[in-house]
Amino acid sequence: MTKIAIIIGSTRPGRNGEPVAKWVAEHAAEREGVEYELVDLAEWPLPHLDEPMPAGMGQYAGEHTKAWAAKVAEFDGYIFVTPEYNHSTSGVLKNAIDYVGAEWYNKAAGFVSYGVFGGARAVESLRLVLSTLQVATVTAQVGLSLTHDFENWSLKATPQSEAALTPLFDQVESWSAALAIVRAAQDEDAEEAAA
């Protein structure tokens with residue numbers, strides 16, 4: 001079964017990321033044939049990147065890195081719930097992405113963002129970063145406006161935002177399943193080369 005993480009990309013006290021991610025998870029729970037799991041970066045206390053070797057080498061030294069690598073590897077795809085800070089994503093989310101390498105490769109990702117302009121610039125920043133990690137990002141996304149989708153800083157998603165979840169789920173699920181075939185073929189090639 002395809003397994004997709006909903007990653008909460010903010011750890012700020014009073015953050016909007018948690019209620020947004022829970023809203024996404026509630027709708028995702030209605031989907032059939034796929035498993036979604038909330039992954040809260042507040043529960044993964046990763047210090048500023050402290051690995052001596054580049055992530056692409058896969059030689060993780062820290063126990064926190066090894067645990068995070070194992071968690072990232074569990075999934076076929078990801079939905080990143082990201083705030084927009086200073087025209088980009090949060091530092092904590094970028095740090096978590098940078099920690100590991102191959103665990104992200106040949107997987108799919110989608111985005112639910114929030115901010116003054118719906119977090120669009122945070123998503124554009126993430127698309128660039130994830131493309132380097134061979135993550136296929138889907139075009140469907142949900143951008144929540146602090147003006148229209150929140151009331152007194154509490155999520156009150158518009159019907160349009162709610163409707164935008166369906167194509168996001170559809171694309172992330174189908175691409176995640178398709179890329180599982182790519183990963184399996186690469187694993188077979190690696191096994192043959194090692195034999």
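The values are calculated or read from the model by the stated rules, or taken from the named source; none is laboratory data. None of these values were measured; they are calculated from a predicted model. Quick reminder, even Gly has a Cβ in these numbers, built from the backbone with ideal geometry, and neighbours come from all protein chains shown.
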>> Looking only at the range 139-172, how many residues end up being assigned to a strand (DSSP E or B) and either of a type outside the set (A, V, I, L, M, F, W, C) or surrounded by fewer than 21 Cβ atoms within 10 Å (Cβ to Cβ) (or both)?
In response: 9
> List the pairs whose first member sits in the range 146-164 and is under 16 Å from Val81 (Cα atoms), whose second member is part of a strand (DSSP E or B), and whose Cβ atoms are under 6 Å apart, counting only residues at least 6 apart or on separate chains?
Replying inline: Ser161/Val142; Ser161/Leu144; Ala164/Val142
> Restricting the search to the range 73-97, which residues are touching a residue at least 60 places away in the same chain (Cβ under 8 Å) and not aromatic (Phe, Trp, Tyr)?
Replying inline: Glu74, Asp76, Gly77, Ile79, Val81, Thr82, Pro83, Thr89, Ser90, Val92, Leu93, Ala96
> Would you pick out the residues in the range 21-54 that are surrounded by fewer than 10 Cβ atoms within 10 Å (Cβ to Cβ) and touching a residue at least 24 places away in the same chain (Cβ under 8 Å)?
Replying inline: Gly33, His48
> Of (1) in a loop (DSSP other than H, G, I, E, B); (2) more than 18 Å from Val135 (Cα to Cα); (3) among the aromatic types (Phe, Trp, Tyr), Phe75 satisfies all except one. Which?
Replying inline: (2)
>> Consider the range 86-118. How many of its residues are of a type in the set (Lys, Arg), in contact with a Leu (Cβ under 8 Å, 6 or more places away or on another chain) and either surrounded by fewer than 19 Cβ atoms within 10 Å (Cβ to Cβ) or assigned to a helix (DSSP H, G or I) (or both)?
In response: 0
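Within 17 Å of Val72 (Cβ to Cβ), at pLDDT 95 or above and of a type outside the set (S, T, N, Q) - does that describe any residue in the range 136-149? Give the steps one after another, and end with the answer.
Step one: of the range 136-149, the residues within 17 Å of Val72 (Cβ to Cβ) are 136-137.
If we keep only those that are at pLDDT 95 or above too, we end up with 136-137.
Remaining after also requiring of a type outside the set (S, T, N, Q): 136.
Within the range 136-149 (the criterion being within 17 Å of Val72 (Cβ to Cβ), at pLDDT 95 or above and of a type outside the set (S, T, N, Q)), the answer is yes, since at least one residue qualifies.
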> Does Thr82 count as assigned to a strand (DSSP E or B) and of a type in the set (Ser, Thr, Tyr)?
Replying inline: yes
